[in-house]
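The values are calculated or read from the model by the stated rules, or taken from the named source; none is laboratory data. Every value quoted in this text rests on a predicted model; they were computed, and no experiment measured them. Methodologically, a virtual Cβ is constructed for each residue, glycine included, from the backbone with ideal geometry; neighbour enumeration extends over all protein chains shown.
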Amino acid sequence: MTSPLSKIKFDMTPGKVALITGGSSGIGLATAKLLASSGMQVWLIARRQEQLDAALEEVNAVKQTADQHCGAISADLSDFDQSLNAAVQVEEEVGVPDLLINSAGVTHPGYVQELDIDIFRWMMEVNYFGTVNITRAILIGMLSRGSGYLVNISSMAGFIGAFGYTAYGASKYAIRGFSDAMRAELKPMGIGTSIVFPPDTDTPQLAYEEDLKPFETKYLAGIPNVRTAEEVAQAIIKGIKSGNYLIFPSFDTKLWFKISNIIGAGVYPIMDILINRAQRNNANSK
């Protein structure tokens, strides 16, 4: 019997199947291209067909052999029926995925009192339930086979309360809770799990939120370095090959995670000091 302390590592054998949500851009697409270049059969899910078609061309361009069957499916993963239909389509084409990477997500920062309540629902529907829906749809086949690997992408805002991200942060905290419990349940069944905590990453999502950020958020965002989607994708691949549950694509992210977990409530005064500094700087600039 495998030791409960051992790690479940993902073996990137050519021919294996990877399903990536949010695969039409950003971290999802960068990871998809790395997996395709290793010989895996990569399938993408996102909402907009035109972007999916362009992303699939990029994935096909880096395939190692003509035998790699890659594809793309348009679906709204906040809807369970669409998630289930997408899972069935992939399984009919290439079989049950060996690897599922949940990279689909949206963001919309702002002051809590100014954010419309529909923004909060949107964050949970896409970021959290979108992750849950496709995972549940794929998991049945993985459990039947007795193997598989699941990767959920959270955020620094998924372990530390980031100013301006009350809606987004709540959805990313939810992904952490889901992943922690899922890891414990699925490891004895041979299913590996990882959760990724990227810092600010140079993606269309980061560009979208720039004009929406409160000035305090922009000040704090300038502290960690912005990473490229390729750097985050490389960290994901390295992490799952090593069987690491927690994946930190940057030193800054890992440091803040340790601070928030080791000193606990002591992280709040640190955040208060940084926010106060931002507000003083803003006042002095006027």
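Suppose we filter ARG121, ARG48 for residues that are modelled with pLDDT under 95 and under 20 Å from the mean Cα position of the chain (by Cα); which single one remains?
From the options ARG121, ARG48, the qualifying one is ARG48.
I'd like the residue in the range 94-122 that is assigned to a helix (DSSP H, G or I) and among the β-branched types (Val, Ile, Thr) and, out of all such residues, is surrounded by the fewest Cβ atoms within 10 Å (Cβ to Cβ).
Among those residues, the one meeting the criterion is ILE117.
Could you list all residues from the range 58-72 that are at pLDDT 95 or above, over 19 Å from THR21 (Cβ atoms) and of a type in the set (D, E, K, R)?
Residue satisfying the conditions is LYS63 alone.
Condition check ((1) at pLDDT below 95; (2) on the phi < 0 side of the Ramachandran plot; (3) in a loop (DSSP other than H, G, I, E, B)) across all residues:
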residue: THR2; (1), (2), (3): yes, yes, yes
residue: ILE8; (1), (2), (3): no, yes, yes
residue: ALA30; (1), (2), (3): no, yes, no
residue: LYS33; (1), (2), (3): no, yes, no
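For the range 53-86, enumerate the residues that are within 18 Å of the chain's Cα centre (by Cα) and part of a helix (DSSP H, G or I).
ALA55, SER83
Report whether or not SER154 is within 22 Å of ILE237 (Cβ to Cβ), over 18 Å from the mean Cα position of the chain (by Cα) and not hydrophobic (A, V, I, L, M, F, W, C).
Against the criterion (within 22 Å of ILE237 (Cβ to Cβ), over 18 Å from the mean Cα position of the chain (by Cα) and not hydrophobic (A, V, I, L, M, F, W, C)), SER154 does not qualify.
Can you confirm whether LEU29 is under 20 Å from THR203 (Cβ atoms), out of contact with any helix residue (DSSP H, G or I) (no Cβ under 9 Å at 6 or more places or on another chain) and either surrounded by 20 or more Cβ atoms within 10 Å (Cβ to Cβ) or in contact (Cβ under 8 Å) with a residue 40 or more places away in the chain (or both)?
The answer is no for LEU29.
Check LEU52 against each of (1) farther than 20 Å from GLU125 by Cα; (2) touching a residue at least 60 places away in the same chain (Cβ under 8 Å) and name the one condition it does not meet.
(2)
Every residue in the range 219-253 that is charged (D, E, K, R) and either within 28 Å of GLY110 (Cβ to Cβ) or buried (at least 17 other Cβ atoms within 10 Å of the Cβ) (or both), please.
Correct list: ARG227, GLU231, ASP252.
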